[in-house]
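Have a look at the structure below before the remarks.
The values are calculated or read from the model by the stated rules, or taken from the named source; none is laboratory data. Every value quoted in this text rests on a predicted model; they were computed, and no experiment measured them. All Cβ positions, glycine included, derive from the backbone under ideal geometry; neighbour counts span all protein chains shown.
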Amino acid sequence: MKNIRNFCIIAHIDHGKSTLADRLLEFTSTVAEREMQNQLLDNMDLERERGITIKSHAIQMNYNYKGEEYVLNLIDTPGHVDFSYEVSRSIAACEGALLIVDSSQGIEAQTISNLYLAIGNDLEIIPVLNKIDLPHAMPEEVSDQIIELIGCEKEDIIHASGKTGIGIEEILNAICDRIPAPKGDPEAPLQALIFDSVFNSYRGIEVYFRIFNGTLKKGEKVKFINTGKTYEADEIGVLKLNQEARQVMGAGNVGYLISGIKNAKEVKVGDTITHVDKPGESIQGFEDVKPMVFAGIYPVETSEYEELRASMEKLQLNDASLVWEPETSAALGFGFRCGFLGMLHMEIVQERLEREFDMTVITTVPSVQFHVHTTKGQLMKVSAPSEMPEPNYIDHVEEPFIKAQIISKSEFVGPIITLCMDKRGILKNQTYLTSDRVELTFEMPLAEIVFDFFDKLKTISRGYASLDYELIGFRQSNMVKLDVMLNGEPVDALSAIVHRDKAYDWGKRLCEKLRELLPRQMFEIAIQAAIGQKIIARETVKALRKNVLAKCYGGDISRKRKLLEKQKKGKKRMRQVGNVEIPQEAFLAVLKLD
Ligand code: GDP
Ligand code: MG
């Protein structure tokens with residue numbers, strides 16, 4: 001155990017974590033040359049296509065240092081703010097962290113937030129100045145930023161390049177030298193923390209764990225403490241490029257367990273594995289996830305509801321930050337109200353449901369969660385517009401506020417402040433990190449930043465601003481429910497909760513946007529936006545060719561159906577509501593109003 005090192009790699013997105021991980025795997029010959037490909041650990045298709053890490057990935061390396069064999073367990077983590085829950089779980093399984101900073105960019109918002117997570121978990125930090133090969137690298141300046149941030153010595157910072165391989169050996173040596181060996185007693189009762197899991201249709205559920213105390217042998221009877229279920233450890237082993245089975249694994253180790261579990265509900269990330277005889281205590285698991293954005297997910301085919309539920313349960317195994325409960329919509333039928341960490345997370349969940357589970361789903365208008373205080377003194381947590389009570393039952397509404405940290409070049413401070421003020425933000429603090437880099441702190445409504453704020457921020461700062469945020473509480477705001485009607489029928493899945501000052505403008509632009517997005521049909525479609533009984537905007541989608549359906553009004557119903565049927569063919573991700581077909585984009589129209 002004294003030669004085990006468990007570490008993760010943390011950084012702001014694109015600072016080179018996955019590339020550096022490739023070099024470590026290569027240098028330690030964990031991966032044969034012919035198996036090597038770029039960003040090797042990003043093995044999900046979606047990750048490779050988008051060039052981002054979504055999941056944490058664990059892999060074991062062997063390394064010979066000063067004549068001794070070391071076992072290095074590496075966990076690569078995502079950098080995007082939406083996936084910080086993945087990072088926090090990886091951190092709990094490690095004793096040390098490589099903090100990677102791009103030497104041409106400097107410290108960014110997620111560098112700081114991930115660093116604080118690591119420090120909060122008492123990890124030993126090894127600072128790495130990466131991309132040192134770039135001609136516009138600024139090693140001196142960025143070193144100063146790092147020293148300022150973590151209070152280390154200049155000599156502690158390793159200069160490296162994931163591209164050319166500079167500094168890789170030095171990093172591996174530092175891991176052996178500086179990161180403490182795991183503590184823990186191999187003789188004590190077994191305590192292994194489940195930090196991830198994945199559904200495998202052939203082998204059942206694979207559980208990834210880190211043993212804190214005790215020893216686990218193949219074939220032993222184990223119990224998952226929180227669920228109370230018992231299993232046999234059919235197969236245990238370590239995570240190399242492929243899984244490698246082992247007979248025994250002791251305290252300090254990271255590995256996988258397969259025990260024929262088929263039901264996704266039986267595995268909870270954060271649970272503790274122990275022995276049935278001589279059980280240990282539960283380890284303090286992970287903080288509960290705090291979803292930021294909520295939206296409905298509905299099957300396109302109503303008959304696929306049960307299948308969708310099973311798919312979501314399986315996906316949840318591999319994405320512990322996804323939360324959901326059943327929901328019914330007057331327009332869409334049976335589905336699920338889901339909580340996400342952000343819009344990117346929501347997009348990824350939708351894509352994974354489609355790719356990994358072959359589901360076709362519709363996601364409805366996203367919303368944050370409001371606290372509605374009723375005139376009867378009750379508190380209602382409302383995360384779907386349809387749950388919003390009638391105006392005369394509402395005493396007041398509170399909305400979630402965040403503290404946003406924006407780091408940018410000083411030349412963009414003006415436009416950033418203007419943007420944030422427009423989003424109802426309040427500037428709280430402005431600190432110069434160096435003469436050219438500023439950290440701005442705002443308090444803002446979450447609803448204003450979760451949707452498209454980040455894209456706007458990137459545009460006005462030409463990519464030079466980064467953002468991190470955390471919830472700070474709820475504040476009273478004048479929110480109203482904006483309803484949308486198609487041909488006079490309210491479509492609950494299109495409603496939104498918006499600030500009163502912006503409601504008219506929203507209603508108008510939403511109707512215009514829907515007019516563009518709703519496909520023309522054989523009949524005219526009236527689009528209306530309303531607050532309570534009051535119509536505030538109206539648009540019309542003109543009928544396609546002549547109004548055929550009007551002719552069969554009250555008459556030949558089968559002919560009418562045939563006409564509608566004809567239009568339905570060859571369409572994906574569309575939902576029929578009443579006699580109007582609504583494409584997926586229409587549900588997300590509110591996000592694209594300017
Ligand atoms: P991650 O988001 O932190 O995992 O970053 P990636 O490893 O995916 O790298 C982001 C981008 O930076 C990719 O285009 C890499 O090719 C590039 N990159 C990574 N490391 C280096 C480096 O040391 N030097 C240079 N020049 N480019 C690098
Ligand atoms: Mg990556």
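Could you please let me know if PHE474 is under 28 Å from the mean Cα position of the chain (by Cα) and in a loop (DSSP other than H, G, I, E, B)?
no
Give VAL238, VAL248 a once-over and let me know the one that is modelled with pLDDT of 90 or more, under 13 Å from ASN73 (Cβ atoms) and surrounded by fewer than 22 Cβ atoms within 10 Å (Cβ to Cβ).
Exactly one residue qualifies, and that residue is VAL238.
Per-residue answers, yes or no, for (1) within 30 Å of PHE370 (Cα to Cα); (2) at pLDDT 65 or above; (3) part of a loop (DSSP other than H, G, I, E, B):
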position	(1), (2), (3)
ASP505	yes, yes, no
PHE523	no, yes, yes
LYS560	no, no, no
LEU563	no, no, no
GLN576	yes, yes, no
GLU585	yes, yes, no
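If only one of LYS154, LYS131, LYS163 is surrounded by fewer than 18 Cβ atoms within 10 Å (Cβ to Cβ) and within 16 Å of ligand 2 (Cβ to nearest atom), which one is it?
Checking each option against the conditions leaves just LYS163.
Any residue at all in segment 199-215 that is of a type in the set (D, E, K, R), outside any loop (DSSP other than H, G, I, E, B) and in contact with a strand residue (DSSP E or B) (Cβ under 6 Å, 6 or more places away or on another chain)?
yes
Taking segment 395-446, which residues are buried (at least 19 other Cβ atoms within 10 Å of the Cβ), of a type in the set (Val, Ile, Thr) and in contact with a Lys or Arg (Cβ under 9 Å, 6 or more places away or on another chain)?
Of everything in segment 395-446, those that are buried (at least 19 other Cβ atoms within 10 Å of the Cβ), of a type in the set (Val, Ile, Thr) and in contact with a Lys or Arg (Cβ under 9 Å, 6 or more places away or on another chain) turn out to be ILE407, VAL438.
Looking only at segment 28-36, decide whether some residue is buried (at least 22 other Cβ atoms within 10 Å of the Cβ) and either of a type outside the set (S, T, N, Q) or within 11 Å of ligand 2 (Cβ to nearest atom) (or both).
No, segment 28-36 contains no residue that is buried (at least 22 other Cβ atoms within 10 Å of the Cβ) and either of a type outside the set (S, T, N, Q) or within 11 Å of ligand 2 (Cβ to nearest atom) (or both).
Would you check if there is a residue in segment 153-166 being aliphatic (A, V, I, L, M), under 24 Å from HIS15 (Cα atoms) and out of contact with any strand residue (DSSP E or B) (no Cβ under 6 Å at 6 or more places or on another chain)?
Yes, that holds for at least one residue.
Please go through segment 316-331 and give me each residue that is under 21 Å from the mean Cα position of the chain (by Cα) and either of a type in the set (Lys, Arg) or part of a loop (DSSP other than H, G, I, E, B) (or both), ordered by number.
ASP319, ALA320, SER321, LEU322
Can you tell which of LEU40, LEU20 is among the hydrophobic types (A, V, I, L, M, F, W, C), buried (at least 20 other Cβ atoms within 10 Å of the Cβ), within 11 Å of ligand 2 (Cβ to nearest atom) and modelled with pLDDT under 90?
LEU40
Restricting to segment 1-37, name every residue that is within 15 Å of ligand 1 (Cβ to nearest atom), over 18 Å from ILE75 (Cβ atoms) and not in a loop (DSSP other than H, G, I, E, B).
The answer is none; no residue qualifies.
If only one of ILE112, ILE119, ILE147, ILE126 is surrounded by fewer than 21 Cβ atoms within 10 Å (Cβ to Cβ), closer than 13 Å to CYS8 by Cα and more than 16 Å from ligand 2 (Cβ to nearest atom), which one is it?
ILE119
Only one residue in LEU74, LEU40 is outside any strand (DSSP E or B) and more than 21 Å from LEU433 (Cα to Cα). Which one?
Exactly one of LEU74, LEU40 is outside any strand (DSSP E or B) and more than 21 Å from LEU433 (Cα to Cα), namely LEU40.
Among the residues of segment 45-69, which ones are more than 13 Å from ligand 2 (Cβ to nearest atom), surrounded by 20 or more Cβ atoms within 10 Å (Cβ to Cβ) and in contact (Cβ under 8 Å) with a residue 60 or more places away in the chain?
ALA58, ILE59, GLN60, TYR63 - these are the residues of segment 45-69 that are more than 13 Å from ligand 2 (Cβ to nearest atom), surrounded by 20 or more Cβ atoms within 10 Å (Cβ to Cβ) and in contact (Cβ under 8 Å) with a residue 60 or more places away in the chain.
Is it the case, given these coordinates, that GLU47 is away from ligand 1 (no atom under 11 Å from the Cβ) and either at positive phi or out of contact with any Cys (no Cβ under 9 Å at 6 or more places or on another chain) (or both)?
no
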